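See structure below.
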Amino acid sequence: QVQVAESGGGLVQPGGSLRLSCAASGRIFSMNVMGWYRQAPGQQRELVARITSDGKTNYADSVKGRFTISRDNAKNTVDLQMNSLKPEDTAVYYCNIIIVVGSPGVYWGQGTQVTVSS
């Protein structure tokens, strides 16, 4: 069993910053990918950023230069530092972990709301 939990969402003004955190627990194999997705009302869920266990990152074009993803392999945590936030960043942000070896699986957190508004 793998559990995923996010925290750090909230209400911020345009141009502000937030840091989201995610912790995965359970039977987690060392080779995995952790990432952040988001979904706004009426829109499909989209990839924001992801990072492999060896540190390779991938960002959506819309957040490049503003968001930074990082992880701590020892703690099985992943953070998303969000700077220069825009109203269009408003969404529910979901953390996930993809385990690609041993016992493959995809696990999602419950989501945390990020609202960017004056």
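Details
- Single condition Y93 does not satisfy, out of (1) open to solvent by 30 Å² or more (accessible area, probe 1.4 Å); (2) touching a residue at least 40 places away in the same chain (Cβ under 8 Å); (3) within 22 Å of S7 (Cβ to Cβ); (4) aromatic (F, W, Y): (1)
- Sub-6 Å Cβ pairs linking a first residue in the range 106-117 that is touching a residue at least 12 places away in the same chain (Cβ under 8 Å) to a second residue that is open to solvent by less than 40 Å² (accessible area, probe 1.4 Å) and charged (D, E, K, R), at least 6 apart or interchain, are G109/E6; T112/E6; V116/D89, ordered by first then second residue.
- Hits in the range 30-47 - residues which are part of a loop (DSSP other than H, G, I, E, B) and open to solvent by 60 Å² or more (accessible area, probe 1.4 Å): S30, M31, P41, G42, Q43, Q44, R45
- Checked against (1) among the charged types (D, E, K, R); (2) open to solvent by less than 60 Å² (accessible area, probe 1.4 Å); (3) under 11 Å from the mean Cα position of the chain (by Cα), R50 meets all criteria but (2).
- Members of the range 60-79 that are within 11 Å of the chain's Cα centre (by Cα) and crowded, with 18+ Cβ neighbours inside 10 Å: F67, I69, R71, V78, D79
- The combined condition, being closer than 15 Å to G111 by Cβ, touching a strand residue (DSSP E or B) at 6+ places or on another chain (Cβ under 7 Å) and either exposed (fewer than 13 other Cβ atoms within 10 Å of the Cβ) or of a type in the set (G, A, S) (or both), is not fulfilled by G26.
- Among the residues listed as Q81, Q110, the single one being of a type in the set (S, T, N, Q), within 23 Å of A5 (Cβ to Cβ) and part of a strand (DSSP E or B): Q81
- Pairing each residue of the range 52-69 that is in contact (Cβ under 8 Å) with a residue 24 or more places away in the chain with any residue that is open to solvent by 30 Å² or more (accessible area, probe 1.4 Å) and of a type in the set (V, I, T), provided the two are 6+ apart or on different chains, yields C-beta distances under 9 Å for I69/T57.
The values are calculated or read from the model by the stated rules, or taken from the named source; none is laboratory data. All of these numbers come straight from a predicted model, not from anything done at the bench. Cβ coordinates were reconstructed from backbone atoms using ideal geometry, including for glycine residues, and neighbour counts include every protein chain displayed. For accessibility, only protein heavy atoms count, side chains too; no ligands or nucleic acids. Shrake-Rupley method; radii C 1.70, N 1.55, O 1.52, S 1.80 Å.
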